[in-house]
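The values are calculated or read from the model by the stated rules, or taken from the named source; none is laboratory data. Owing to the predicted nature of the structure, the values given are computational and were not obtained by experimental measurement. As a convention, Cβ positions derive from the backbone with ideal geometry for all residues, glycine included, and neighbour counts pool all protein chains shown. Heavy atoms of the whole protein, side chains included, go into the accessibility calculation; ligands, DNA and RNA do not. Shrake-Rupley method; radii C 1.70, N 1.55, O 1.52, S 1.80 Å.
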Amino acid sequence: MKIKWSRIYQSAFFSISRNKTRSFLTILGVVIGVFAVVVLTAIGGGIRKFIADQFDSLGANTIYVSPGEVLGEDGGFSRQAQAVSNSQLKESDISLILRIGVPIKAAIPLFQGQGKVAANGEQKTVSIIGTLPDYSSVRNTDTASGRFFTKTDQSAAKKVVVLGPKVAEEIFPDQESVGQKVTLNGIRFTVIGVVEKKGGGGFGGPDIDSQVYLPASTAQNLLELENLSTILVQVDAQENIPQAKEKLRNALLKRLDEDDFSVFDQGELLSTIDQIFQTVTIALLGIAAISLLVGGIGIMNVMLATVTERTREIGLRKAVGAKEKIILIQFLVEASALSLFGGVLGIGLGLGLALIVGNFFPIAVNPASVIIAFVVSVLTGVIFGVWPARRAARLPPVEALRYQ
Amino acid sequence: MKPKKIIQLNQITREYQLDGVVVPALKDINLEINEGDFLAIVGPSGSGKSTLLHILGLLDRHSRGDFLFLNKNISLLTDDQLADLRNRAIGFVFQQFNLLPRTGALENVLLPTLYGDNNPEEARQRAVRLLEDLGLGKKLNNYSNQLSGGQQQRVAVARALINRPKIIFADEPTGNLDTQSGKEVFSILKNLNLEGKTIILVTHDSDLARQTSRQVYLQDGKITKIN
Ligand SMILES: Nc1ncnc2c1ncn2[C@@H]1O[C@H](COP(=O)(O)OP(=O)(O)OP(=O)(O)O)[C@@H](O)[C@H]1O
Ligand SMILES: [Mg+2]
């Protein structure tokens with residue numbers, strides 16, 4: 001006998017819409033589970049993408065040499081503050097690195113620290129980066145107005161500063177900042193340029209737009225640093241990064257201990273960040289699984305009630321010739337239709353919220369997570385519908401008809 | 001010409017298990033039913049009328065004895081085969097009507113066609129004609145709660161007839177109806193019998209039983225008299 005699917009769908013839809021409030025309450029667990037998966041993976045993916053973009057904007061062919069161990073053996077970030085203050089990296093290491101030659105194109109020292117920029121009655125905490133004029137080209141950091149500092153500024157240790165766009169906006173909201181005087185940690189500086197906006201900041205990646213740039217010599221004096229905070233090494237092509245890292249390590253090991261420095265690239269940083277996200281994702285999936293489980297039990301509960309409520313109907317259908325299999329399918333379809341509605345509603349709400357949140361927060365909807373959430377929600381209905389459906393299917397027709 | 005035998009019961013017993021105690025509801029029933037019979041099953045409440053009807057209608061299985069239905073040994077058939085037989089050869093009319101709620105009269109009549117091989121369009125036309133013949137041509141889409149008891153029972157009769165069964169089983173079909181509607185439903189059954197359908201009717205009403213061609217009297221699960 002052919003199964004009349006359209007009538008089965010019709011009947012499932014009818015039975016669900018007959019009791020709208022109860023159906024809605026039943027699917028709430030599934031809705032929340034699916035909603036959570038869609039929204040949280042979208043936010044997680046957004047943050048991850050944001051961080052990756054930040055690193056990208058800094059130039060893909062860059063290797064970082066930092067004091068101490070940055071990435072722990074097990075992949076996570078290790079304590080760094082102490083290592084930075086005890087840095088063993090010296091300016092002479094720059095020439096050591098440059099002597100390696102191909103594939104290394106440039107090596108730039110960074111002196112880094114925190115500071116307060118003040119002027120105009122405004123004040124802002126900033127990251128200070130002391131570096132060489134080449135920084136601008138290595139890091140794709142162009143000035144939007146004014147200029148980056150020059151070799152002359154560097155050799156004379158001039159008190160000039162290039163502001164990040166956010167700093168300029170906050171300190172000089174309605175005026176041109178180039179040419180203005182500011183104090184940096186209490187010392188007067190002249191603003192000679194403002195760099196272009198890179199965007200973002202605040203989700204684990206560096207807040208690039210809130211940095212200020214000084215000539216290396218000036219920064220060294222201001223921050224009272226003897227040694228370098230970081231060396232940026234530019235490589236000619238991305239595929240040469242592993243080779244360059246190996247050469248760098250060997251060159252530095254001639255002068256330094258293994259524990260005194262780390263060599264890493266953004267690929268490594270990203271994979272470390274990915275590991276963290278993976279852990280978070282697993283935790284999220286656990287939460288989603290629990291809420292789907294609760295949702296599934298809700299569906300099972302309601303389906304059992306439905307089967308009891310409709311005992312006479314089941315008996316009648318069997319009396320006029322419905323076989324066990326058809327009754328089973330009918331109730332399974334009904335259970336999975338419930339969870340399907342829940343899944344669709346959850347996805348809809350999730351995408352809606354992601355769309356709204358996307359206006360002021362990085363969001364990346366992962367189509368795979370949406371599809372998986374959908375499939376799992378439908379499966380929830382099927383799995384938790386099996387027991388009630390079998391119960392319905394096995395009701396002897398006579399008992400079903402005698403049921404009061 | 002000798003009438004065709006369609007049902008034969010030999011020493012049929014039906015027992016229920018109640019808290020481990022075996023309670024017989026039917027004992028040693030011997031009965032033959034021929035095509036074209038209009039048989040009334042009569043007896044006091046609890047005598048086993050419905051139990052017998054359910055066994056005859058393949059809704060329930062007997063505990064012991066031999067049961068031939070259209071020459072098939074029922075004990076050897078699977079539940080699915082019984083479902084098929086019910087679908088094709090049997091129509092039921094119940095005391096409680098048993099129409100699906102919030103479902104139109106026409107859809108209710110079409111219910112048995114969902115579970116067999118039917119041409120949907122042809123089935124629909126047949127259902128409309130049946131309802132028209134039963135005076136419900138204007139009520140095709142009425143829900144059961146928008147029909148009187150008599151009208152609901154006529155929808156149930158149409159549903160019983162939709163697959164052109166050989167036999168109609170009716171368990172107190174007039175029990176929930178006022179006298180007038182009861183008379184109407186009974187005369188519908190009577191006409192169906194005149195058209196050749198075999199009708200098996202459970203009833204309390206000895207007036208009705210007198211108008212059928214045969215009567216089986218039950219008491220305490222036993223047949224006391226067959227006409
Ligand atoms: N599922 C069951 N379990 C146990 N006993 C049952 C069951 N169904 C029926 N019986 C018993 O079988 C006997 C016959 O019941 P049945 O329903 O056939 O009576 P009836 O003649 O149709 O009565 P009524 O005229 O009141 O409908 C009764 O004693 C009843 O209690
Ligand atoms: Mg009865």
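Here is how the numbers come out for the structure above:
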quantity	calculated
Dimensionless Rg ratio for the stretch B:121-173, taking C-alpha atoms and the 2.2 N^0.38 Å reference	1.12
Calculated over the protein assembly as shown: convex hull of Cα atoms, volume per residue (Å³)	244
Subset of B:49/B:166; B:197/B:222; A:158/A:181; A:4/B:166; B:4/B:197 violating a 18 Å alpha-carbon distance limit	B:49/B:166; B:197/B:222; A:4/B:166
Dipole of chain A [Lys/Arg +1, Asp/Glu -1 at C-beta], most positive-end residue of A:282, A:315, A:168	A:315
Accessible area of residue B:4 in the full protein assembly, 1.4 Å probe (Å², nearest 10)	110
Per-selection Rg to Rh, the stretch B:50-105 - Cα, Kirkwood hydrodynamic radius	1.04
Calculated [θ] (222 nm, deg cm²/dmol) that DSSP helices of n ≥ 4 give over chain B, each run adding -39,500 (n - 2.57)	-9500 deg cm²/dmol
Dipole magnitude (debye, nearest 20) for the stretch A:172-323, charges at Cβ of Lys, Arg, Asp, Glu	1200
MRE, 222 nm, helices only [DSSP H, n ≥ 4, -39500 (n - 2.57), over chain A, to nearest 500]	-18000 deg cm²/dmol
Exposure of residue A:181 as accessible area (Å², to 10), given a probe of 1.4 Å and all protein chains	100
Ratio Rg/Rh [Cα only; Rh per Kirkwood] for the stretch A:267-378	1.17
20 °C / 1.002 mPa s Stokes-Einstein diffusion coefficient of the stretch A:195-302, Kirkwood radius on C-alpha pairs, µm²/s	113
q = 0.13, 0.27, 0.32 Å⁻¹, the stretch A:350-402: log10 I(q)/I(0) [Debye, one scatterer per Cα]	-0.56, -0.98, -1.10
Chain A - charge dipole about Cα centre, Lys and Arg +1 at Cβ, Asp and Glu -1, debye rounded to 20	2660
Rounded if a/c under 1.5, otherwise prolate or oblate - the stretch B:70-204, Cα gyration tensor axes	oblate
Extension gain from residue A:351 to residue A:99, taking 0.36 nm per residue of separation minus the Cα-Cα distance	85.4 nm
The stretch A:106-164-the stretch B:180-219 distance, computed between alpha-carbon centres (Å)	105
Dipole of chain A, positive end: most advanced residue of A:184, A:370, A:55 [Cβ charges, Cα centre]	A:370
Separation in nanometres of the label points that stand 7 Å from Cα toward Cβ, at residue B:22 and residue B:179	4.7
Within chain B: Cβ-based charge dipole about Cα centre, in debye rounded to nearest 20 (Lys, Arg +1; Asp, Glu -1)	440
